[in-house]
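Written out below as structure tokens is the structure these notes cover.
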Amino acid sequence: VAVHLDYGNRAESAAECDYVRRWCERFGIIFHVRKIDEVKRATTRRDDYEKISREIRYSTYAEVMEQYNIPGMCFGHHRGDVQENVISNMMKGLSLLNLNGMQASSIVNGVRIWRPLLDFDKDVIFDFAHRYGIPYFKDTTPKWSTRGKLRNHLVPLLSDMYGEGFLNNLSALGAESTQCAELVDSQVLAPIMKSVGQSEVAVWVDCGLLSDQPFFVWKEVFRQICHSIMGNSMVREKPLHELIQKLERLDAGPVGKAKHKNKDAEVGSWITLKKGNRSFLTKDKQLIIFRDQFFPRKPYIGSQFPIVAGNSYSFGPWSVQTELLDVNDPKVHELRDHKPLTVWDLVHANGLSYVFPNAPQLVIDCDSRFHILRAIEKVITDAMPIVSSIGAFDNATSEWVHVTLSYSQ
């Protein structure tokens, strides 16, 4: 399967797409094209263009992998791309553990990426293409772009100043960066990553293990969580610093250094690590990062939606099952006497189960919270299709309603 992204930024891009299509058809290769119309390099803000086009790229890869049951995508990056990355990443102040910016095998935004040509210079690849008649397009990187200026101006200047061998030095520096990353991963990151748990609802990590670690370790841990586990882009530095400050307030205890009540140390606190994402830091330093879909922009179902006992419903990623049970049913006794449910019950079980006396009318009502649900933050239950009751029968009912809420992405 071949995936072609047509950005439409150049007049010849459509012709290139058609050529690749015909070449794939000639060799019996399934051709999948994604034409990008949402943004244009000439009219879209640069930061927005890079962000949106990247999201489109990786979502396209993920869709194709799922459609054809493919384990990963192969990219054509070569040794020169890595050398340019080392320069660019140093200038951007990125992680010392990832100067190469790419590995032979990695996971980016939840997509497995393979780069089999990283050990080869571009000249070697050209020679191979010429020898075996493999067509290719010339470099279309705009000369005015950062990558174009680096490739056409900075690299030749550095070669003139330090000699052609400086490229080998960049490769060696990138290789040492990778070796350091492997060492840090095995000796520092691995014990922390063992504390990371995940479910359909959320991912959680013990931030207490990070309390005494330098900031670059924080970044590496959250890079692995975001890319490899959640399939998202990386958290920015500012919210990570805010998270560290919240942990420091937890260390101050319930009273705090300023001798005032410290609510965070009593019940925990919410923090926004990324736009559209909500995370909860418990009082014992466990960070629960909810999956993006858990808190929808619009409710999956309106309040007061009628429910019929014994029926099943689906609201977005939620499934709701209801059944009527006799008051003497063991399940009623178990759930009726159950201690209040917590956020951990929800996270670990991907849902909740509770009972209440049957009533004349059953509805979805997040504001009507039974005692068993009150230990869960209201902002969480507000995002759930909580089944509640309206009114009561004149005589004590012998039937109870058993509700099971299940979350699945």
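Laid out as a table, the results:
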{"quantity": "Set of the stretch 202-222 residues, backbone N closer than 20 Å to the point 7 Å along the Cα-Cβ line of Lys194", "calculated": "204-214, 217-218, 220-222"}
{"quantity": "Hull-based mean projected area of the stretch 109-192, where the convex hull spans the alpha carbons, in square nanometres", "calculated": "8.8"}
{"quantity": "The stretch 1-140 - Kirkwood radius from inverse mean 1/r over Cα pairs (Å)", "calculated": "17.0"}
{"quantity": "Projected label distance in nm at Gln409 and Leu158, using a 7 Å step from Cα toward the beta-carbon", "calculated": "3.7"}
{"quantity": "Folded to 0 to 90 degrees: helix 215-224 orientation relative to the chain principal axis, Cα", "calculated": "80"}
{"quantity": "Compactness of the stretch 306-407, expressed as Rg and Dmax over alpha-carbon positions, Å", "calculated": "12.9, 38"}
{"quantity": "Gaussian network model of the chain, Cα within-10 Å springs - most flexible of Asp337, Asp292, Asp185", "calculated": "Asp337"}
{"quantity": "Two-decimal ratio, the stretch 112-256, of alpha-carbon radius of gyration to 2.2 N^0.38 Å", "calculated": "1.50"}
{"quantity": "Cα long-axis angle, helix 237-251 against the chain (0 to 90 degrees, to the nearest 10)", "calculated": "40"}
{"quantity": "Most fluctuating residue given options Ser388, Ser145, Ser59, as computed from a GNM of the chain linking Cα atoms under 10 Å", "calculated": "Ser145"}
{"quantity": "Nearby lysines by direct alpha-carbon distance to Lys219 (threshold 23 angstrom, same-chain neighbours under 8 apart not counted)", "calculated": "Lys51, Lys92, Lys194, Lys238, Lys246, Lys274, Lys275, Lys283, Lys285"}
{"quantity": "Cα→Cβ-extended label distance, 7 Å offset, between Asp326 and Ser368, nm", "calculated": "2.7"}
{"quantity": "Of Pro116, Pro306, Pro135, the one that fluctuates the most in a GNM where the chain has Cα springs shorter than 10 Å", "calculated": "Pro135"}
{"quantity": "Projected area, mean over directions - the chain, Cα convex hull, nm²", "calculated": "27.4"}
{"quantity": "Length added when fully stretched, Asp382-Glu25, from 0.36 nm per residue minus Cα-Cα", "calculated": "123.4 nm"}
{"quantity": "Under the Debye formula (equal points on every Cα, no solvent term), log10 I(q)/I(0) of the stretch 145-213 at q = 0.23, 0.25 Å⁻¹", "calculated": "-1.00, -1.09"}
{"quantity": "Qualifying aspartates and glutamates (Cα of each under 19 Å from Cα of Lys331; at least 8 residues distant if same chain)", "calculated": "Glu323, Asp345, Glu399"}
{"quantity": "Cα gyration tensor shape for the stretch 1-70, rounded if a/c is under 1.5, else prolate or oblate", "calculated": "oblate"}
{"quantity": "Magnitude of the charge dipole, the chain, Cβ model with Lys/Arg +1 and Asp/Glu -1, debye to 20", "calculated": "1200"}
{"quantity": "Added length on full extension, which subtracts the Cα-Cα distance from 0.36 nm per residue, Ala129 to Val184", "calculated": "15.9 nm"}
{"quantity": "Gain on full stretching of the segment that runs from Gln213 to Ile301 - 0.36 nm per residue minus C-alpha separation", "calculated": "27.4 nm"}
{"quantity": "J(HN,Hα) series, the stretch 301-315, from Karplus relation 6.51 cos²θ - 1.76 cosθ + 1.60, nearest Hz, glycine and proline x", "calculated": "8, x, 5, 6, 5, x, 10, 9, 4, x, 9, 10, 9, 10, 10"}
{"quantity": "Asn169/Trp270 FRET efficiency (R0 41 Å; Cβ-Cβ; nearest 0.05)", "calculated": "0.30"}
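The numbers here are math on the coordinates, done by the rules we state, and not lab data. Bear in mind that the values here come from a model prediction, so they are computed numbers and not experimental data. Reconstructed Cβ throughout: ideal geometry from the backbone, glycine too, with neighbour counts over all protein chains shown.
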